[in-house]
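Derivation of every value follows stated rules applied to the coordinates shown; laboratory data play no part. Since the structure is predicted, the reported quantities are computational estimates derived from the model, not experimental observations. When we count neighbours, we look across all protein chains shown, and the Cβ atoms used for this are built from the backbone with ideal geometry, even at glycine.
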Amino acid sequence: MVTGIGHAAYGVSDLNASLRFYCGQLGLRKAFELHRDDGTLWIVYLYAGNRSFIELFPESEVPPQQGGSYRHLCLIVDDMAATLHAMKIAGLEPLNPPSVGKDGNTQAWVRDPDGNPIELMQIAPDSDQARAVTAE
């Protein structure tokens, strides 16, 4: 039985810029690194909470994929206003002001240094997602 999302993986063109974005601006934390047998860096894992991770692969490690249907990564936040304030202090502005989606949740959007879209979502107590979770 699936119990959650383990990780999303990204090939990144500039690892330091991606770490500044994900850790410095979004507030995730670097969890650990994996290295090849020769000691060179292979993957950097970032902890996104709730047993979820984001994997960052230096660009040379991830061949381009054809025909995928990737749309975006959604990160859950506990307080949208506080999250956006912390991001602003760290130098990151959202692409749009927060808004309420059709599912009843507050959302805002950012892009990482490689242009990948990231949705920030605060789950409302009466949203479709909240009702689905309580039905478990």
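In degrees, nearest 10, range 0 to 90: what is the angle between the Cα axis of helix 80-89 and the longest Cα principal axis of the chain?
Tilt of helix 80-89: around 40 degrees.
Which whole-Hz couplings ³J(HN,Hα) result when phi for each residue of the range 37-50 is put into the Karplus expression 6.51 cos²θ - 1.76 cosθ + 1.60, θ = phi - 60°, listed in order with x for Gly and Pro?
3J(HN,Hα) across the range 37-50, in whole Hz: 4, 7, x, 6, 5, 10, 9, 10, 9, 10, 8, 10, x, 6.
Compute the convex hull volume of the Cα atoms of the chain, divide it by the residue count, and report the result per residue in Å³ as a whole number. Could the numbers behind the result be given before it?
Values: hull volume 19.0 nm³, N = 136.
Roughly 140 Å³ of hull volume per residue.
Computed FRET efficiency, Cβ-Cβ of Ala86 and Arg131, R0 25 Å: what is it to the nearest 0.05? All intermediate terms of the calculation are to be shown ahead of the outcome.
On the way: r = 29 Å, r/R0 = 1.15.
With R0 = 25 Å, the Cβ-Cβ based efficiency is 0.30.
Considering only the chain, what is the antiparallel percent among its DSSP beta bridges, to the nearest 5? The partial results should precede the final answer.
Working: 19 of 29 bridges.
That works out to approximately 65 percent antiparallel.
Is there a quick way to get the dipole size of the chain? I mean about its Cα centre, with the Cβ of Lys and Arg at +1 and of Asp and Glu at -1; what is the value in debye to the nearest 20? Kindly include the intermediate steps, with their values, before the conclusion.
On the way: 10 positive and 17 negative charges, 43 e Å.
Here the chain has a charge dipole of around 200 debye.
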